[in-house]
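*Asks:* Here it is, the structure in full.
The values are calculated or read from the model by the stated rules, or taken from the named source; none is laboratory data. Source: prediction; values computed, not measured. We place every Cβ from the backbone using ideal geometry, glycine too, and count neighbours over all the protein chains shown. What goes into the accessible areas is simple: the full protein's heavy atoms, side chains included, and nothing from ligands, DNA or RNA. Shrake-Rupley method; radii C 1.70, N 1.55, O 1.52, S 1.80 Å.
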Amino acid sequence: MEPLYQQTHKSTRSSLTWDAWRRQTSSLCTQLFFFLFCAVVENEIQASIDQIFSHLERLEILSSKEPPNKRQNAKLRVDQLKYDVQHLQTALRNFQHRRYAREQQERQREELLSRTFTTNGTQKRILDIANMLGLSNTVMRLIEKRAFQDKYFMIGGMLLTCVFMFLVVQYLT
């Protein structure tokens, strides 16, 4: 049991080193080239974790066959290794989730940047509908001119209302 435990412990420590390396290189994995590299490293870590889990299963069986005076200590050591490996598994899943979210954000960003936006899309659509209804160009120009004039009437009305409210407050207080 002891050689298998030492081998599993050593594998766990090397995976912890991979975990530390992952934290340092997570910023590199944001670039497109390194996404593939990170995926390869993730697969290696996952294979290592799977191998450690198989060793832990064997260690559990072997620890139950230990003499009674050593059994408790052996089970405790195996449980500690299990905890470490579960921590590694969780860290790897979190890293994969963050990488997937970054890839998704990058795809959405590229999609938004590739879209073309029109500034006068609504006005153009209204003009198209007016043409379909049979309005002439002169009538449409009159409507546009009227809309322009209405804007000034609206601004003037707002200013007049503000002046009126100011005078009312001034004289009533």
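*Asks:* Does the stretch 57-86 hold any residues that are under 26 Å from Asn43 (Cβ atoms) and open to solvent by 90 Å² or more (accessible area, probe 1.4 Å), and which are they?
*Replies:* Glu57, Arg58, Tyr83, Gln86
*Asks:* Under 8 Å between Cβ atoms, which residue pairs at least 6 apart in sequence (or on different chains) link something in the stretch 49-77 that is farther than 24 Å from Ala91 by Cβ with a partner that is aliphatic (A, V, I, L, M) and open to solvent by 80 Å² or more (accessible area, probe 1.4 Å)?
*Replies:* Matching pairs, first to second residue: none at all.
*Asks:* If Asn120 passes every condition in (1) exposed (fewer than 10 other Cβ atoms within 10 Å of the Cβ); (2) at pLDDT 75 or above but one, which one does it miss?
*Replies:* Of (1) exposed (fewer than 10 other Cβ atoms within 10 Å of the Cβ); (2) at pLDDT 75 or above, only one is false for Asn120: (2).
*Asks:* Check the stretch 146-161 and report whether any residue there is open to solvent by less than 70 Å² (accessible area, probe 1.4 Å), under 30 Å from Pro3 (Cβ atoms) and assigned to a helix (DSSP H, G or I).
*Replies:* No; the residues of the stretch 146-161 include none that is open to solvent by less than 70 Å² (accessible area, probe 1.4 Å), under 30 Å from Pro3 (Cβ atoms) and assigned to a helix (DSSP H, G or I).
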